[in-house]
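Taking it in order: structure first as structure tokens, then the write-up.
The values are calculated or read from the model by the stated rules, or taken from the named source; none is laboratory data. Note that the structure is a prediction, hence the values are computed from the model and not measured. Cβ placement follows ideal geometry from the backbone for every residue including glycine, while neighbour counts extend to all protein chains displayed. Side chains included, ligands, DNA and RNA excluded: accessible areas come from the protein's heavy atoms. Shrake-Rupley method; radii C 1.70, N 1.55, O 1.52, S 1.80 Å.
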Amino acid sequence: MLVSGYIDRPDYRVDLLPRTNRVVARLGNQVIADSDRAVVVDEQGHGLVWYFHPQDVRLDLLAAVAGKTSICPFKGEATYFAAADDAAVTPIGWTYAKPLVQVAALKGYIAFYQDRVAITVAA
């Protein structure tokens with residue numbers, strides 16, 4: 001059972017910052033996400049992470065990584081995606097299907113590892 005980290009750390013910051021910049025995610029030469037409604041997550045002690053609206057992600061190019069989950073005490077339980085054609089099933093992104101109430105706006109949004117997927121942001 002997930003225990004919220006906000007119980008012990010009500011001051012912990014996870015700021016969700018909606019943006020209208022065009023943000024594109026590429027895996028090699030393939031665009032896997034293209035959005036003008038992405039959210040930047042600025043979490044205390046972490047680097048900035050772009051989360052893409054699920055309707056702006058090419059879900060047909062992704063496959064769920066069966067059995068791989070992780071718990072963030074400040075966001076919830078994450079599930080993972082790999083490229084659909086990756087036989088090794090190396091995770092390239094994740095989502096929170098049921099985020100904690102403090103970050104409820106992240107529900108369904110998809111983030112990508114920035115060392116595995118190239119993210120570009122237009123001005």
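Filtering segment 114-123 down to residues that are open to solvent by 60 Å² or more (accessible area, probe 1.4 Å) and either assigned to a strand (DSSP E or B) or hydroxyl-bearing (Ser, Thr, Tyr) (or both), which residue is farthest from residue 39 (Cα to Cα)? First the steps, then the outcome.
Within segment 114-123, the subset open to solvent by 60 Å² or more (accessible area, probe 1.4 Å) is 114-116, 120-121, 123.
From what is left, the residues that are either assigned to a strand (DSSP E or B) or hydroxyl-bearing (Ser, Thr, Tyr) (or both) are 120-121.
On the way: 120: 14, 121: 12 Å.
For segment 114-123, the residue satisfying everything is 120.
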Restricting to segment 23-58, count the residues that are open to solvent by 50 Å² or more (accessible area, probe 1.4 Å), free of Cβ contacts under 8 Å to residues at least 24 places away in the same chain and acidic (Asp, Glu). 2
When (1) at positive phi; (2) touching a Gly at 6+ places or on another chain (Cβ under 6 Å) are applied to residue 76, the one that fails is (2)
Residue 108 vs (1) more than 18 Å from residue 38 (Cα to Cα); (2) assigned to a loop (DSSP other than H, G, I, E, B); (3) of a type outside the set (Asp, Glu): all pass except (1)
Can you tell me which residue is surrounded by the most Cβ atoms within 10 Å (Cβ to Cβ) among those in segment 3-22 that are out of contact with any Lys or Arg (no Cβ under 9 Å at 6 or more places or on another chain) and either among the hydrophobic types (A, V, I, L, M, F, W, C) or in a strand (DSSP E or B) (or both)? 16
I want to confirm something. Restricting to segment 59-104 and keeping residues that are in a loop (DSSP other than H, G, I, E, B), over 22 Å from residue 1 (Cβ atoms) and out of contact with any strand residue (DSSP E or B) (no Cβ under 6 Å at 6 or more places or on another chain), which single residue is most open to solvent (accessible area, probe 1.4 Å)? 85
So which pairs qualify, if the first residue must be in segment 99-123 and without any contact (Cβ under 8 Å) to a residue 12 or more places away in the chain, the second must be open to solvent by less than 90 Å² (accessible area, probe 1.4 Å), the Cβ gap must be under 8 Å, and the two must be at least 6 apart or on different chains? 107/96; 107/97; 107/99
Might you check whether a residue that is within 12 Å of the chain's Cα centre (by Cα), farther than 21 Å from residue 45 by Cα and of a type in the set (Val, Ile, Thr) occurs anywhere in segment 78-90? yes
